[in-house]
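Here is the structure we will look at.
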Amino acid sequence: MSERAQLLLPIADDELVLGWRNSEWTGIAPFLEEDVAFSSIVQNEIGHARALYQLVADELGTTADALAFDRSPDEYQCSRFVELRLVPDWARTIARHWLYEEADEKRLEALKASDDPEVAGLAAKIDREEAYHRMHAQMWNERLAEEPRYLEALEELRPLVDGRGDHTREFAALWEEMTMVRRSVAGATW
Amino acid sequence: MVTEAQVWAALAEIPDPEIPVISLVDLGVVRAVEVENDRVRVEFTPTFLGCPALEVMRDAMAKKVRELGAEPVVAVISDDSWSTDRITPEGREKLRAAGLAPPTPREAGGPRLVQLQTGAFRCPYCGSTDTALENIFGPTPCRSLRYCRGCRQPFEQFKTI
């Protein structure tokens, strides 16, 4: 696998799987504004995943959809952190949102400095959109700053942020659901 | 043979799929047009990467070029070259007239929460800057929701990217 694929696939997988997990709030978020916010954030994250997969796909001679949906579970390189199913726990969801955006900002800074102009250019574009995710996370982090359940969730989740390797138990069910259409209808596209 | 000016004019007829009051040229997503014999290369810079209208825009541009009798090549450029600063003055006025507050200029260092919460964003209906942030996100990823205390009307604010 190329250097670019090794660099970008774990990031694309993080964005896809976190997007999938956050989409589980659509329709059932605590109030309407958050239903709208989480659905928009998800749309962006999955858009970022697609653009990252596309850069890898161009090099490997495949497609973004094939990378996103045709790999076996053990080929995904997302962190265990994004795999966790946190619905219906809002405090833990916001804790993950805050921690992820914080870590993602650092990762994007590094990508923006890449020698590969396509990688640096895409990272700069993604970062413009992520700025709004960070502001949303910041707003919630301030709002819940005194909330014990939120503080406990931060303690619990912070050590897990970059835990890669074996998948969590709940990843199998996510993979089943996420790849169902492609497995049922060969070559389905969006 | 088709000319660059003809291609630009044809692309200017394509409405934005989600905000049809402005054209793709007003939106600033066409970065370049190059004509080489009967082949036309259009450089298309997407707005938001997750925008579901991107494929519709790309296909509409290819169709317009084909209608001019040329072979289209629509190159999607996913870098930082599109910004809301690229929306034309005419495009901004059309957005405002449709009740969508046009984006504020891009600033060094990017947008900040305190600025969204306290900045002087202007209501597209009454012109008051006494407006409040209701939600950073709105009906599409490119918009926020604000409320005007002047005319007591909620409105959509184009995000600055």
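Annotations for the structure displayed:
- Residue match in the stretch B:65-72 (condition: surrounded by fewer than 17 Cβ atoms within 10 Å (Cβ to Cβ), more than 18 Å from B:Leu24 (Cβ to Cβ), more than 14 Å from chain A (Cβ to nearest Cβ) and over 20 Å from the mean Cα position of the chain (by Cα)): yes
- Leading residue by the ranking (farthest from the chain's Cα centre (by Cα)) among those in the stretch B:23-59 that are more than 17 Å from B:Gly91 (Cβ to Cβ) and in a helix (DSSP H, G or I): B:Asp59
- Subset of the stretch B:34-48 [of a type outside the set (Lys, Arg), surrounded by 15 or more Cβ atoms within 10 Å (Cβ to Cβ) and within 16 Å of B:Glu67 (Cα to Cα)]: B:Val35, B:Val40, B:Val42
- Residue list for the stretch B:111-161, restricted to those being of a type in the set (S, T, N, Q), more than 14 Å from chain A (Cβ to nearest Cβ) and touching a residue at least 12 places away in the same chain (Cβ under 8 Å): B:Ser128, B:Thr131, B:Gln153
- Flag: B:Thr104 does not match the condition of being touching a strand residue (DSSP E or B) at 6+ places or on another chain (Cβ under 8 Å), touching a residue at least 12 places away in the same chain (Cβ under 8 Å) and of a type outside the set (Gly, Ala, Ser).
- Matching residues, the stretch A:10-26, being of a type outside the set (Asp, Glu) and more than 10 Å from chain B (Cβ to nearest Cβ): A:Pro10, A:Ile11, A:Ala12, A:Leu16, A:Val17, A:Leu18, A:Trp20, A:Arg21, A:Asn22, A:Ser23, A:Trp25, A:Thr26
- Residue in the stretch A:27-38 that is surrounded by the fewest Cβ atoms within 10 Å (Cβ to Cβ), counting only those that are within 12 Å of chain B (Cβ to nearest Cβ) and part of a loop (DSSP other than H, G, I, E, B): A:Phe31
- The residues of the stretch B:1-22 that are buried (at least 19 other Cβ atoms within 10 Å of the Cβ) and closer than 20 Å to B:Pro89 by Cβ, listed by number, are B:Leu11, B:Ile14, B:Asp16, B:Ile19, B:Ile22.
One line per residue, one yes/no per condition, for (1) closer than 21 Å to A:Ile28 by Cβ; (2) at pLDDT 95 or above; (3) within 14 Å of another protein chain (Cβ to nearest Cβ):
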{"residue": "A:Arg96", "(1), (2), (3)": "yes, yes, no"}
{"residue": "A:Glu101", "(1), (2), (3)": "no, yes, yes"}
{"residue": "A:Glu109", "(1), (2), (3)": "no, yes, yes"}
{"residue": "A:Glu118", "(1), (2), (3)": "no, yes, yes"}
{"residue": "A:Ala137", "(1), (2), (3)": "yes, yes, yes"}
{"residue": "A:Glu147", "(1), (2), (3)": "yes, yes, no"}
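The values are calculated or read from the model by the stated rules, or taken from the named source; none is laboratory data. Given the structure is predicted, the values throughout are model-derived calculations rather than measurements. Virtual Cβ from ideal backbone geometry, glycine too; neighbours counted across all protein chains shown.
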